[in-house]
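Visitor: Below are the structure tokens for one structure; questions will follow.
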Amino acid sequence: MDDNNTLRGNCRTISDPKFGAAYRVLEDAIAAGAFPGCAFGVLVNGEVVIQDARGRFTYEESSPPVTSGTVFDLASVSKVVATTATAMLLYQRGQLDLDAKLGDLLPEFVRGREPDDPARRVMLRHLLAHNSGLPAYVEFFRTVQTPAELLNACMRLKLEAEPGTRADYSDPGFTLLGKALEAAMGEALDAFSKREIFGPLGMEATCYRPAHEIWSAIPPTEEDAAFRHRRIQGEVQDENAWVLGGVAGHAGLFSNVPDVLRFAGELLRSQADDSDENNLFQATVVNIFGNRQGPGDSSRALGWDTPSADSSSGRYFSPRSIGHLGYSGCSLWIDLEARLAVVLLTNRTWPDRKSLLIRQVRPAFHDAIRRAI
């Protein structure tokens, strides 16, 4: 995306009547107030079979309609499309050791800690697998005002468990992972991902910190009455990511269905032909990062999630599937065995965060897609 000022790419609508049940799931969800609008896409064997949209930016009839090319706040889907993808590339190039200690890359994380502090044993693979022992979530934004203050507070966190012994999805863990990757590559996460991932894949609508001129073309995520006291539109909704300047390891990325399908398609392409030197990701690397890490029955792989008993992917995605959800209502699921990817982008937090209907919508939508295929 040139200077983040245009929303471009192949955004033509692609529909198929055999997916009527999936469309009805989304239309019923809009009517029930799960979200005001959504864009969605399905990729099968390298072909986009659905690329469409339903609903509007908000529930008002005067609100703009969502299109297949509408850009959304991806929230935690950023963790895989940018942060994990960056880790995969660095690992593939021999520039990242998954067993490297976080304290070696970010010395401030262990400075002043006792010699036996478990924080000294946190490795990058622990952060990727969400079993580092770091807390799940901390409202740093309530007590800090600058990126430096927030990062310092994150560095000082006490572990709640020995690394590797407890799986607990951790936003602070990915915040620190993003900073560790920046230390490893010697540049900012947004600059690297734009040049090495989004650019090569033609993901022209994907960016951190969209330019102010295009905010009105992005569905709002919330009427924020508690922190920023304004409509959140075109800015990252996640408050900690916002304090960090809009670029963080755990959130901050904006994108649309065509771009996320391009990203998913590249991962699937590696599975189809790993000998193609033009592949951005090698199949072996995709498989390593897609393997569950534990402990116990944790569904977490390295950066990715995998299907579980009550997965948002529904009942039909194979065990060789990887995916991720976003708090704003976005999701990406990729079945490496079936060569299938499904993207659903919504702003389910509009106008506030009360509705949890998305939890029923996601599996129903994915099940309808799989039954049609």
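The values are calculated or read from the model by the stated rules, or taken from the named source; none is laboratory data. Here the structure is a predicted model, which is why all the values come from computation and not from measurement. All Cβ positions, even for glycine, are placed from backbone atoms using ideal geometry, and neighbour counts span all protein chains on display.
Visitor: What residue, of Ser313, Ser308, is polar (S, T, N, Q) and buried (at least 19 other Cβ atoms within 10 Å of the Cβ)?
Guide: Just a single option satisfies the conditions, and that option is Ser313.
Visitor: Within the set of pairs 6 or more residues apart or between chains, which connect a residue that is among the aromatic types (Phe, Trp, Tyr) inside region 332-343 to a residue that is assigned to a strand (DSSP E or B) with Cβ atoms less than 8 Å apart?
Guide: Filtered contacts from region 332-343: Trp333/Ser321; Trp333/Ile322; Trp333/Gly323; Trp333/Ala341; Trp333/Val342.
Visitor: Are any residues in region 178-221 crowded, with 18+ Cβ neighbours inside 10 Å and either modelled with pLDDT under 95 or part of a loop (DSSP other than H, G, I, E, B) (or both), and if so, which ones?
Guide: Correct list: Met203, Glu204, Ala205, Thr206, Pro210, Ile218, Pro219, Pro220, Thr221.
Quick grid of which residues meet (1) out of contact with any helix residue (DSSP H, G or I) (no Cβ under 9 Å at 6 or more places or on another chain); (2) among the aliphatic types (A, V, I, L, M); (3) assigned to a loop (DSSP other than H, G, I, E, B); (4) within 23 Å of Gly164 (Cβ to Cβ):
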| site | (1), (2), (3), (4) |
| --- | --- |
| Leu280 | no, yes, yes, no |
| Ile288 | no, yes, no, yes |
| Ser308 | yes, no, yes, yes |
| Arg315 | no, no, yes, no |
| Ser318 | yes, no, yes, no |
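Visitor: Something else: Looking for whichever is under 20 Å from the mean Cα position of the chain (by Cα), outside any helix (DSSP H, G or I) and among the aromatic types (Phe, Trp, Tyr) here; the options are Tyr59, Tyr137. Which one fits?
Guide: From the options Tyr59, Tyr137, the qualifying one is Tyr137.
Visitor: Could you count how many residues in region 225-253 are surrounded by fewer than 20 Cβ atoms within 10 Å (Cβ to Cβ) and more than 21 Å from Phe174 (Cβ to Cβ)?
Guide: 6
Rundown of residues vs (1) within 27 Å of Arg353 (Cα to Cα); (2) among the hydrophobic types (A, V, I, L, M, F, W, C); (3) out of contact with any helix residue (DSSP H, G or I) (no Cβ under 6 Å at 6 or more places or on another chain), yes/no style:
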position	(1), (2), (3)
Val44	no, yes, yes
Thr58	yes, no, yes
Val66	yes, yes, yes
Ser78	yes, no, yes
Leu134	yes, yes, no
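Visitor: Let me ask something else about it. Could you list, in sequence order, all residues of region 28-44 that are farther than 16 Å from Trp333 by Cβ and either in a loop (DSSP other than H, G, I, E, B) or in contact with a strand residue (DSSP E or B) (Cβ under 6 Å, 6 or more places away or on another chain) (or both)?
Guide: Correct list: Ile30, Gly33, Ala34, Phe35, Pro36, Gly37.
Visitor: While we're looking at this one, here's another question. Filter region 1-27 down to the residues that are in a helix (DSSP H, G or I) and in contact with a Cys (Cβ under 7 Å, 6 or more places away or on another chain), then identify the one that is modelled with the highest pLDDT.
Guide: Per the stated criteria, the residue is Leu26.
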